[in-house]
Amino acid sequence: MRLQGSKSNAARHPLERSGVDPSCARVRCKSGRPWVSEESDGALTYRYIGEQFSFRRTLRLEGPKLLCDYEISAGTSGTKLPWMWSQHLLLATRHGERIVLDGVSDWAEFGKEPATTDVLGLEAGLVRKSYGKVTDRASVGIDGSDGGIRLEWCGAQVPYCGVWMAFGNWPTADKLLHQMALEPTTAPSDDLEGARLNGTERWLEAGQKEHWQIEIELLPPKKD
């Protein structure tokens with residue numbers, strides 16, 4: 001598994017690498033919503049504050065782990081708010097690496113189980129999206145000879161795990177992409193509409209908050 005990035009940017013602030021001045025208090029996400037960012041005590045926090053809901057993401061290092069804390073809170077207008085959340089972690093994997101899905105089961109309830117636990121090449125022609133239930137605590141990731149990555153989270157907070165495999169045959173025959181994604185999610189769906197159709201959406205009462213955490217750890221290369 002490879003981590004992509006520029007060596008010349010390695011020492012720069014993460015916001016600078018994105019073309020944003022770190023001293024700027026407001027940034028914008030792709031959908032155009034205004035975000036407020038702040039850095040304090042070694043943590044980087046992004047906040048979106050809207051009329052219907054507010055959302056916060058805080059990233060901080062604790063030893064070898066990156067702790068990702070999330071919080072959503074509904075407004076006080078009195079209207080119940082349907083919602084779902086998913087982390088679409090697209091990984092630069094290599095043929096022959098191993099996919100780890102510890103603590104995840106019951107794949108058949110919302111589709112098919114992952115077709116393989118090995119990262120395959122484009123010649124495999126395999127395309128599949130799967131969702132499984134987190135039994136207690138999930139520990140999923142990629143293992144390879146030059147290192148790996150592990151994501152861990154509590155099933156009581158985030159009860160599902162999505163797995164996206166595109167090892168050839170996607171998106172078109174003349175433009176094949178190699179993609180592998182692991183997706184902690186509150187619902188086995190790509191969007192809120194799908195979650196509402198299968199009855200796994202969540203609801204927030206006026207003023208209610210929900211919090212969850214994802215731990216991400218990079219693993220060193222294995223010794224012979």
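The values are calculated or read from the model by the stated rules, or taken from the named source; none is laboratory data. Owing to the predicted nature of the structure, the values given are computational and were not obtained by experimental measurement. Cβ coordinates were reconstructed from backbone atoms using ideal geometry, including for glycine residues, and neighbour counts include every protein chain displayed. The protein model used for the area step is the full one, side chains on, heavy atoms only, and it has no ligands, DNA or RNA in it. Shrake-Rupley method; radii C 1.70, N 1.55, O 1.52, S 1.80 Å.
How large is the accessible surface of GLU215 in square angstrom, using a 1.4 angstrom probe and rounding to the nearest 10?
Surface open to solvent at GLU215 totals about 30 Å².
For the chain, what is the accessible area per residue in Å², given a 1.4 Å probe and the full set of protein chains?
With all protein chains present, the chain gives 57 Å² per residue.
Kindly report, to the nearest 10 Å², the accessible surface of ARG33 as traced by a 1.4 Å probe over protein heavy atoms only.
Ignoring ligands and nucleic acids, ARG33 comes out at about 110 Å².
Calculate what fraction, in whole %, of the accessible area of the chain sits on carbon and sulfur atoms when a 1.4 Å probe is rolled over the protein chains. The partial results should precede the final answer.
Working: 6120 of 12710 Å².
Carbon-and-sulfur percentage of accessible area, whole number: 48.
The stretch 95-224: percent of C-alpha pairs farther apart than 22 Å?
Numbers: 3640 of 8385 pairs.
Value for the stretch 95-224: 43 percent of Cα pairs lie more than 22 Å apart.
What do you get when you divide the Cα radius of gyration of the chain by 2.2 N^0.38 Å, with N the number of residues?
After normalising by residue count via 2.2 N^0.38 Å, the value is 1.09.
Can you flag which of LYS112/LYS133; LYS80/LYS209; LYS112/LYS209 are past 24 Å Cα-Cα?
Numbers: LYS112/LYS133 12 Å; LYS80/LYS209 12 Å; LYS112/LYS209 33 Å.
Long pairs (Cα-Cα over 24 Å): LYS112/LYS209.
Could you state how much accessible area LYS112 has, in square angstrom rounded to the nearest 10, with a 1.4 Å probe and all protein chains kept in place?
Rounded to the nearest 10, that gives 130 Å².
Among MET180, PRO159, LEU192, whose Cα lies farthest out toward the positive end of the dipole of the stretch 159-224, if unit charges sit on the beta carbon of Lys, Arg (+1) and Asp, Glu (-1)?
Going by the charge dipole, the pick is MET180.
Spelling out what I want: for every residue of the stretch 90-100, take phi, set θ = phi - 60°, compute 6.51 cos²θ - 1.76 cosθ + 1.60 (Karplus), and round to whole Hz; glycine and proline get x.
Per residue, the Karplus-derived 3J(HN,Hα) values read 8, 10, 8, 8, 10, 3, x, 6, 10, 9, 9 Hz.
Taking the Cα centre as origin and putting +1 on Lys and Arg beta-carbons and -1 on Asp and Glu beta-carbons, what dipole magnitude results for the chain, to the nearest 20 debye?
That gives the chain a dipole magnitude of about 520 debye.
Given contacts defined as C-alpha pairs under 8 Å and at least six residues apart, what's the relative contact order of the stretch 96-224, whole-number percent?
26
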